[in-house]
Amino acid sequence: MQAQDVFRWSLNRSNEYLTAALDGLTQQEFGWRPGPESNCAAFVMWHMTRVEDFFANRVIQRQTEVYEAQGFREKMGTPPKDTGNSYTVEKLQAWPAPKLEDLKAYADAVRKTTLALLQTITTERLSQVPNPERSKESVGEMLSRVTTEAAHHTGQIAYLRGLQRGLNK
């Protein structure tokens, strides 16, 4: 098994868990925050998808992010050139939760480009540093970060669902 296969397997598995966590959620539940300084599932999913889009498309492939290229920023009404890192409480509270179906469509479009990248990426490319002036991270390290973010944040979304619905089998 190649590293690319591990990344692909991990992303597909996280997507299965994410699909289960989102299944049947209402828009109100998707935007619910357990406290004023807490994230909602919508924000977590948006952030997770923005990070994947940023690394897979902008940094590794040096192309326009799906967020802009396919009009998702405008459609969702979310901030431009932002991934949701280091938000203040005020910025978090002002963040507009997009419609669940729009965010799912964005996440699906990003994942499609990431999986296509993994189909073409070579083992040698995984060791390359795409922009050494900005970061010393290799392509493999960036993809590892993407898979870790997907697993980590999918767990948070599942937890937020559980807070609202209990076991809800």
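The values are calculated or read from the model by the stated rules, or taken from the named source; none is laboratory data. Note that this is a predicted model, so its numbers are computed, not measured. Every residue, glycine among them, receives a Cβ derived from its backbone with ideal geometry; neighbour counts consider all protein chains shown. Only protein heavy atoms, including side chains, enter the accessible area calculation; ligands, DNA and RNA are left aside. Shrake-Rupley method; radii C 1.70, N 1.55, O 1.52, S 1.80 Å.
Numerical summary
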| read-out | value |
| --- | --- |
| Packing-based order for 3-12, 31-40, using average beta carbon neighbours within 10 Å, highest first | 3-12, 31-40 |
| Top positive-direction residue, dipole computed over the chain with Cβ charges, set T83, Q4, M142 | Q4 |
| Two-site label geometry, L163 and K81: point separation in nm, points 7 Å out along Cα→Cβ | 3.2 nm |
| Whole-Å distance, taken between Cα centres, linking the range 74-94 and the range 133-154 | 21 Å |
| Residue-level accessible surface for K104, protein heavy atoms, 1.4 Å, Å² | 80 Å² |
| Förster radius 30 Å - calculated FRET efficiency between A94 and T123 (Cβ-Cβ, nearest 0.05) | 0.10 |
| Where only alpha carbons of the range 47-140 are counted, the Rg and the Dmax (Å) | 14.5, 44 |
| Accessible-area ranking of T154, T120, T113, largest first, probe 1.4 Å | T120, T113, T154 |
| Structure-based [θ]222 nm, the chain - -39500 (n - 2.57) summed over DSSP H runs of at least 4, per residue, nearest 500 | -19000 deg cm²/dmol |
| Calculated Rg and Dmax of the chain using C-alpha coordinates, Å | 16.1, 49 |
| Sequence of Y106, Y159 when ordered by accessible area, the most exposed leading, probe 1.4 angstrom | Y159, Y106 |
| The chain, accessible surface, carbon-and-sulfur percent (1.4 angstrom probe) | 50 percent |
| Using a Förster distance of 45 Å, the FRET efficiency for R62-Q28 (Cβ separation, nearest 0.05) | 0.70 |
| Accessible area in square angstrom per residue, the chain, 1.4 angstrom probe | 54 Å² |
| Exposure of V66 as accessible area (Å², to 10), given a probe of 1.4 Å and all protein chains | 10 Å² |
| S86 - accessible surface, heavy atoms, 1.4 Å probe, Å² rounded to 10 | 120 Å² |
| Sequence of K136, K75, K91 from largest to smallest accessible area, 1.4 Å probe | K136, K75, K91 |
